[in-house]
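To start, the structure itself, in structure tokens.
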Amino acid sequence: MSGSSAAGEDIVQHLSSNSNPSSSKLAKLEARMAGKAVSAPSSPPHHPMAAPASAPAISFMDQEELPETSSSDDDNCEEFLIQKNTLKRPRSPDGDNISALGNFEGSSNEAAKILDVTDTRPSLDNSNRKKQGRGRGRAGTGRGRGSKTVDQPRLTLISSAVVTNGQLDKLTNKEPQSSVQLGHDDRAALQEELSMLHGKVAFLEEELSKSRQDATNYHQLSDRVAKELKDLKDHDQQMRSKQMKVLSDLLIAVSKAERQEARMRIRQESFRLGNVGVMRAGTIISEIWEDGQAIKDLNSHLKSLLETKETIERHRKSLKKRQSDKGDGSDAETSMSEEDIVLQDEICKSRLTSIKREEEQYMRERDRYELEKGRLIREMKRLRDEDGSRFNNFQILHHRYALLNLLGKGGFSEVYKAFDLVEYKYVACKLHGLNAQWSEEKKQSYIRHAIREYNIHKTLVHPNIVRLWDIFEIDHNTFCTVLEYCSGKDLDAVLKATPILPEKEARIIIVQIFQGLVYLNKRGQKIIHYDLKPGNVLFDEVGVAKVTDFGLSKIVEDDVGSQGMELTSQGAGTYWYLPPECFDLSKTPFISSKVDVWSAGVMFYQMLYGRRPFGHDQTQERILREDTIINARRVEFPSKPAVSNEAKDLIRRCLTYNQSERPDVLTITQDHYLSYAKK
């Protein structure tokens, strides 16, 4: 079987190739001869299965019956000798010859089918071969002596192919039973292989069906998952909307309660401390402050003490007069003894001392009332601004920022406490409003200014600088910047409540301010704040100081020299905290971080002494008119309160009049007073 399989593989490979048309023609001719030998009516029913081994060739018909071969059969003058088989096959004793003949017929037919499939050359090739082979004569005439030797391998190949396909035309020395068994085994092998192929096809079809079913299931599962995902997203969106609604409702309820409490507290404090009244003078209506009952009572006590003091002073004068009259000897009956006069005078002195102590106590209480009155006035102004704001109805901006209560109002902006419904944290929303009466040019200038501030502020990340989170447009004339919320007061409110801070507290505040300034001056692009003042220093819930409001900030370009950059916005800023070079109108001033050093020195002085070093009681207009800052060549320190020499030296360095001699931010922070490192 192994030899038959190898021969079968050779003939299949040979027949599947169309590269040799002569071999294909011979194979086809041999198959046709085999078919005639099997199907001829003159064939006996019983014939021998094998031929003697000495037979040199296999022949199915006489040489005279061979047709003329084409040129492809004899391209190299080759000659194929196919002789007639004259040997009779012996009858199989067990009658298996009939089955062998059947196997032979089946195998012959299968081989003929294979050969017919492989013979796919067009008729044009056959006609070409006939033209090329004209004049060469018959293939079996023995032309060319070497043809038999040359054709021997091809004849052997053809004989092997016939045996492989179950044909009995190749005569061997094997027994008849072996030949029949060989054909039967080949057929069984083919049937087994066919069955295997059918099995594989069925298996593959089953796998394909399973794959298609799996694909259908996967598509259905994918659609179901996509639908569930969409439902989950919709549900999540609905839940987020409900959550935002519930959260905003709670925040609004708390804010409303805070507003009611603030207004109730205002009414109570107004009764105690005073209220704003309206006074009409002709056609002019002005607001005046009317003191409350507590201040009225306090003033009444002070007035009473003043009257008592005046009475005692008059009594003392009368005692002195009596003493002088006694010396003259007049009115001796009504005169008092020397001892009584001295006693009465001591009583008056003691009472005056007591009145002075009470006066001081009442004066301290009145100062406290004044501070409370200042807070009350600011709160009343805030509530009035909140009532007049168009954003006081708890709006949700940008689908995430729930506005709560107004924190304060400036020239062109309002700052609201808000809650971020996405990040779940409190923020400060600064609402910038453009005046509808402004020209389009002024509006664009304001917008450019705000965008510039945003571009500067958005990149700043430092513990002592207020963070800027977001910016967006509300309408054509309004946009919003979202800032870090600081729940504490600003430094201005702290100083109004406590004008003089202990040096220890003032030092820690100024150190934090300078740390923020150092960060601004160590970046790739240095920044000059230019508007440092107590109102732009905020405190968070734990007391950390943070610098804010970069509206007037300047970006120092890389090509700026040592003298600084040009000041193009001369006249802007808060005059009490600006250095002298900013007021020089004779030339275009150059500024650097030394501007912020001067401003920090002014704030430190104010925290320690309760007043600004220059122009404390003057308005900005007066400061500009009288050149107060330009003439501020030397700083004076009051005798009280007591301040360390290190703090005074730091203030002197910060308030150095000459700009070239004044240290910049990075230099002044090397001062050991601004460091808490252990020495």
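Limited to the stretch 271-328, what total is found for residues that are in a helix (DSSP H, G or I), in contact with a helix residue (DSSP H, G or I) (Cβ under 7 Å, 6 or more places away or on another chain) and of a type outside the set (Gly, Ala, Ser)?
17
Report yes if Ala281 is exposed (fewer than 12 other Cβ atoms within 10 Å of the Cβ) and either in the same structural domain as Glu370 (by TED's automatic domain parsing) or closer than 30 Å to Lys425 by Cα (or both), otherwise no.
So Ala281 fails the test.
Looking at Phe637, Phe614, Phe604 in this structure, which one is over 48 Å from the mean Cα position of the chain (by Cα), buried (at least 16 other Cβ atoms within 10 Å of the Cβ) and of a type outside the set (D, E, K, R)?
Criteria check complete, one pass: Phe614.
Got a number for residues in the stretch 241-295 being of a type in the set (Ser, Thr, Tyr) and within 30 Å of Val422 (Cβ to Cβ)?
The total comes to 3.
Does the stretch 308-326 contain any residue that is outside the structural domain of Ile474 (by TED's automatic domain parsing), within 30 Å of Leu431 (Cα to Cα) and surrounded by fewer than 16 Cβ atoms within 10 Å (Cβ to Cβ)?
Within the stretch 308-326, not a single residue is outside the structural domain of Ile474 (by TED's automatic domain parsing), within 30 Å of Leu431 (Cα to Cα) and surrounded by fewer than 16 Cβ atoms within 10 Å (Cβ to Cβ).
What about Asp531, is it acidic (Asp, Glu) and closer than 20 Å to Trp469 by Cβ?
The answer is no for Asp531.
Can we say Ala402 is among the small types (Gly, Ala, Ser), touching a helix residue (DSSP H, G or I) at 6+ places or on another chain (Cβ under 6 Å) and under 30 Å from Arg240 (Cβ atoms)?
Yes, satisfied.
Scan the stretch 400-449 for residues that are assigned to a helix (DSSP H, G or I) and more than 25 Å from Gly535 (Cα to Cα) and jot them down.
Those that are assigned to a helix (DSSP H, G or I) and more than 25 Å from Gly535 (Cα to Cα): Glu440, Glu441, Lys442, Lys443, Gln444.
Mind listing whichever residues of the stretch 449-503 are touching a Phe, Trp or Tyr at 6+ places or on another chain (Cβ under 7 Å) and of a type in the set (S, T, N, Q)?
Of everything in the stretch 449-503, just one residue is touching a Phe, Trp or Tyr at 6+ places or on another chain (Cβ under 7 Å) and of a type in the set (S, T, N, Q), namely Thr481.
Residues being of a type in the set (Gly, Ala, Ser), surrounded by 12 or more Cβ atoms within 10 Å (Cβ to Cβ) and out of contact with any Cys (no Cβ under 7 Å at 6 or more places or on another chain): count how many of those fall in the stretch 393-441.
So the answer is 6.
Name the single residue, out of those in the stretch 648-663 being of a type outside the set (Ser, Thr, Tyr) and surrounded by fewer than 18 Cβ atoms within 10 Å (Cβ to Cβ), that is nearest to the chain's Cα centre (by Cα).
Restricting to residues being of a type outside the set (Ser, Thr, Tyr) and surrounded by fewer than 18 Cβ atoms within 10 Å (Cβ to Cβ), the top hit is Pro663.
Being in a loop (DSSP other than H, G, I, E, B) and either outside the structural domain of Gln512 (by TED's automatic domain parsing) or at pLDDT 90 or above (or both) is the filter; apply it to the stretch 575-599 and report the residue that is farthest from Glu626 (Cα to Cα).
Among residues in the stretch 575-599 that are in a loop (DSSP other than H, G, I, E, B) and either outside the structural domain of Gln512 (by TED's automatic domain parsing) or at pLDDT 90 or above (or both), the one farthest from Glu626 (Cα to Cα) is Ser593.
Go through (1) farther than 19 Å from Arg364 by Cβ; (2) in contact with a Lys or Arg (Cβ under 8 Å, 6 or more places away or on another chain) for Glu290 and report which single condition fails.
The number of the failed condition is (2).
Listed here are the residues, each with its yes/no results for (1) assigned by TED's automatic domain parsing to the domain that holds Val415; (2) at pLDDT 90 or above; (3) within 16 Å of Trp289 (Cβ to Cβ).
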site	(1), (2), (3)
Asp345	no, no, no
Ile355	no, yes, no
Arg375	no, no, yes
Arg382	no, yes, no
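The values are calculated or read from the model by the stated rules, or taken from the named source; none is laboratory data. These figures come from a predicted structure and were not determined experimentally. Please note: Cβ atoms are built from the backbone with ideal geometry, for glycine as well, and neighbour counts cover all protein chains shown.
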